[in-house]
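J.: First, the structure itself, so that you have it in front of you.
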Amino acid sequence: MTQRIKICFYFVLALILLLSLRLIYVQILQGVYYSEIAEKQYRQKVKTEGLRGEILDRNGKLLAKSVESFSVYFRPKEFKNSKSSVQKLENLLNFKVSQNALKKDFLWIERKLLPQEVEELSQSKIKGIGLVSEQKRYYPNGALACYLLGSVGMDHHGLSGIEQTFDTFLSGKSQTLDQWKDGKGRKFLDYTTEDAAQISQKNLSNTVILSVDRALQYIAEKEIEKGVEENDAVSGIILIQNPHTGELLAMASHPGFDPNNMEKTKYLEEAYLQNGMVNHIYEPGSTFKVVAFAAALEEKKFTLEELINCENGNWKIGKLNIHDHEPSGVISFQEVLEKSSNIGSAKIGLRLGKDLFFKYALAFGFGAKTGILLPGESQGLLRHPQTWSQNSLPTLAFGQEIGVTPLQLIGAFSSIANGGFLMEPHIVKELRRTELGKTTKTLFPPQIIRRVVSDKTAHLLKNMLVQVIKSGTGTEAQMEHYSAAGKTGTAQKIDPTTKQYSKSKYIASFCGFAPAHNPELVCLVILDEPKKTYWGGTTAAPIFSRVMSRSLALLEIPKEKKQPLALALKK
């Protein structure tokens, strides 16, 4: 009996010793490991997307930011398919529980709803329905500058515009947050997008500051919308540029879209991604005549008073027939521009010759990308002289056989306004990066690409463009309190069916600057297929007048004392 007790005693003692050793191993040697496993049962590490940075105008006005939103999901296996639950879903989310939906493991019902839109749903406590906190891009001004700003997709990455160009810069730094659960796996302490945002802003915050002025952008958009409607046009564009810095102060296109409601856009698939101000190629017509005139003056091929025979409005050269909308006989070099004679311009181009004309077209920035920080920019279409026909040079001189972008054209006029320098166009003024309380700035100072013409040539051409508005084809561009200089443009569109110039479809335009002798702003107005009348001088020029009058006044540019005579007589 005693032996049995001893055996049992030693057995129990050995068992206790083994258990003690095991406890020492588990609690001391492996304590950290098992603590982490236990902790994972009630605490989960969740990686969140960083807060996307803001986009501001040049004065710090908000153009785009990210806000908290909620996406609603449906787990059919957890859903109690009762009449009351089904009715709640239909009332709150307009979601009908179909048999097909019940067969799935998971599906999204709505994505990125604002907090007020899910407030009632969050209180309803319907089993199988859950909310996930996400970011949503918010554009406080709606459609304002929509093509410039662009938009983001469901993954919160840029699809177009500034959002695409600076997607990496704007994308916030991801954060790892704790999500706490009870014994049954239910969340009792959760994070929100706002939590992530606060942490993100402490660590990293990137901001893009644009060169555009929100107030000027608003003026441009309202006036182009009005102009398109007044002239029954298909679409329209307005650009406003500072000629001395190259900064774009407004980039407006109508019709537009509201990036807050992309699903409601009227455009065909991905049409809203296209920014016609940088990628639309069109024949400029008479606005392009400034290239031939600038080259002729710079190369001393003509003087201002030299006479040119404009053939009474009809001239045949080889197989090419050139017409003027208003017949003229023998007129001076500067009157050719004032009256916008195609025949006179063709003769100027012919005297210049292929090589010189091509040289100056390139110098003014045509046929090459400007390098603006926007996606999808086109280089336009300027063929090499070796591929030109006998008709190419005379027709190029009045703006046919060439494709330009609106951005290229306004850049050419800015070079005349500023004394002869082609400036690099800027849409971004500053990139601001804040990390761990320290802010660094990347600035975009004005960049001169090259001198195109001398200051003397620019001055002479500027005076000629003043006459276009005073007594030529651009009289309706006149303003009450400011002088202006500019050029009208009326270009036939190519008929896609016949591959010939259409007799009914035109692009009407006007490009100019003001005040004429001390230019502060350059403005380009384009109307696509105006139907009431198609002349640039009667459609686009009045829009230019309204836009520039309002813009110069807004910028508090001093008014000029003398009122243009023609405008006074018109009144």
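The values are calculated or read from the model by the stated rules, or taken from the named source; none is laboratory data. Not measured: the values here are computed from a predicted model. Virtual Cβ from ideal backbone geometry, glycine too; neighbours counted across all protein chains shown.
J.: So, in the range 303-358, exactly how many residues are on the phi > 0 side of the Ramachandran plot and of a type in the set (A, V, I, L, M, F, W, C)?
T.: Looking only at that region, the number is 0.
J.: Sticking with this one: Restricting to the range 534-571, give me the number of residues that are at pLDDT below 95, of a type in the set (Asp, Glu) and surrounded by fewer than 16 Cβ atoms within 10 Å (Cβ to Cβ).
T.: Adding up the residues that qualify gives 0.
J.: Suppose we filter the range 376-400 for residues that are in a loop (DSSP other than H, G, I, E, B), in contact with a strand residue (DSSP E or B) (Cβ under 9 Å, 6 or more places away or on another chain) and within 23 Å of residue 279 (Cβ to Cβ); how many remain?
T.: 5
J.: Select, from 505, 531, 487, the only residue that is surrounded by fewer than 16 Cβ atoms within 10 Å (Cβ to Cβ), under 29 Å from the mean Cα position of the chain (by Cα) and either part of a helix (DSSP H, G or I) or at negative phi (or both). Talk me through it step by step, then tell me what you get.
T.: Values: 505 fails: surrounded by fewer than 16 Cβ atoms within 10 Å (Cβ to Cβ); 487 fails: surrounded by fewer than 16 Cβ atoms within 10 Å (Cβ to Cβ).
Testing whether each residue is surrounded by fewer than 16 Cβ atoms within 10 Å (Cβ to Cβ), under 29 Å from the mean Cα position of the chain (by Cα) and either part of a helix (DSSP H, G or I) or at negative phi (or both) leaves just 531.
J.: Say whether the condition of being in contact with a His (Cβ under 9 Å, 6 or more places away or on another chain) and surrounded by 18 or more Cβ atoms within 10 Å (Cβ to Cβ) is met by at least one residue in the range 385-403.
T.: No.
J.: Yes or no: residue 337 assigned by TED's automatic domain parsing to the domain that holds residue 453, under 26 Å from residue 414 (Cβ atoms), exposed (fewer than 15 other Cβ atoms within 10 Å of the Cβ) and touching a helix residue (DSSP H, G or I) at 6+ places or on another chain (Cβ under 9 Å)?
T.: no
J.: If we scan the range 404-412, do we find a residue that is within 24 Å of residue 298 (Cα to Cα), among the small types (Gly, Ala, Ser), out of contact with any strand residue (DSSP E or B) (no Cβ under 7 Å at 6 or more places or on another chain) and in a loop (DSSP other than H, G, I, E, B)?
T.: Within the range 404-412 (the criterion being within 24 Å of residue 298 (Cα to Cα), among the small types (Gly, Ala, Ser), out of contact with any strand residue (DSSP E or B) (no Cβ under 7 Å at 6 or more places or on another chain) and in a loop (DSSP other than H, G, I, E, B)), the answer is no, since none of the residues qualifies.
J.: Run down 487, 505, 531 and say which single residue is of a type outside the set (A, V, I, L, M, F, W, C) and closer than 25 Å to residue 248 by Cβ.
T.: Selected residue: 487, the only one of 487, 505, 531 that is of a type outside the set (A, V, I, L, M, F, W, C) and closer than 25 Å to residue 248 by Cβ.
Each row is one residue, and each column tells you yes or no for (1) assigned to a loop (DSSP other than H, G, I, E, B); (2) closer than 29 Å to residue 547 by Cα.
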{"residue": "220", "(1), (2)": "no, yes"}
{"residue": "224", "(1), (2)": "no, yes"}
{"residue": "239", "(1), (2)": "no, yes"}
{"residue": "249", "(1), (2)": "no, yes"}
{"residue": "288", "(1), (2)": "no, yes"}
{"residue": "295", "(1), (2)": "no, no"}
{"residue": "302", "(1), (2)": "yes, no"}
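J.: Which residue out of 130, 142, 185 is out of contact with any Leu (no Cβ under 8 Å at 6 or more places or on another chain), at pLDDT 90 or above and of a type in the set (Gly, Ala, Ser)?
T.: 142
J.: Being assigned to a helix (DSSP H, G or I) and surrounded by 15 or more Cβ atoms within 10 Å (Cβ to Cβ) is the requirement here; does residue 422 meet it?
T.: no
J.: Using the structure shown, decide if residue 343 is of a type in the set (Val, Ile, Thr), touching a Cys at 6+ places or on another chain (Cβ under 8 Å), buried (at least 18 other Cβ atoms within 10 Å of the Cβ) and assigned to a helix (DSSP H, G or I).
T.: yes
J.: Here is a follow-up. In the range 388-410, how many residues are over 17 Å from the mean Cα position of the chain (by Cα) and under 13 Å from residue 511 (Cβ atoms)?
T.: 3
J.: OK, next. When you look at residue 493, is it assigned to a strand (DSSP E or B) and under 30 Å from residue 58 (Cα atoms), yes or no?
T.: Working: assigned to a strand (DSSP E or B): yes; under 30 Å from residue 58 (Cα atoms): no.
Answer is no for this residue.
J.: Going residue by residue through the range 441-451, is there one that turns out to be at pLDDT 95 or above, crowded, with 18+ Cβ neighbours inside 10 Å and part of a helix (DSSP H, G or I)?
T.: No; the residues of the range 441-451 include none that is at pLDDT 95 or above, crowded, with 18+ Cβ neighbours inside 10 Å and part of a helix (DSSP H, G or I).
J.: Residue 26: surrounded by 12 or more Cβ atoms within 10 Å (Cβ to Cβ), out of contact with any Asp or Glu (no Cβ under 7 Å at 6 or more places or on another chain), hydrophobic (A, V, I, L, M, F, W, C) and at pLDDT below 75, yes or no?
T.: Yes; evaluated as a whole, the condition is true for this residue.
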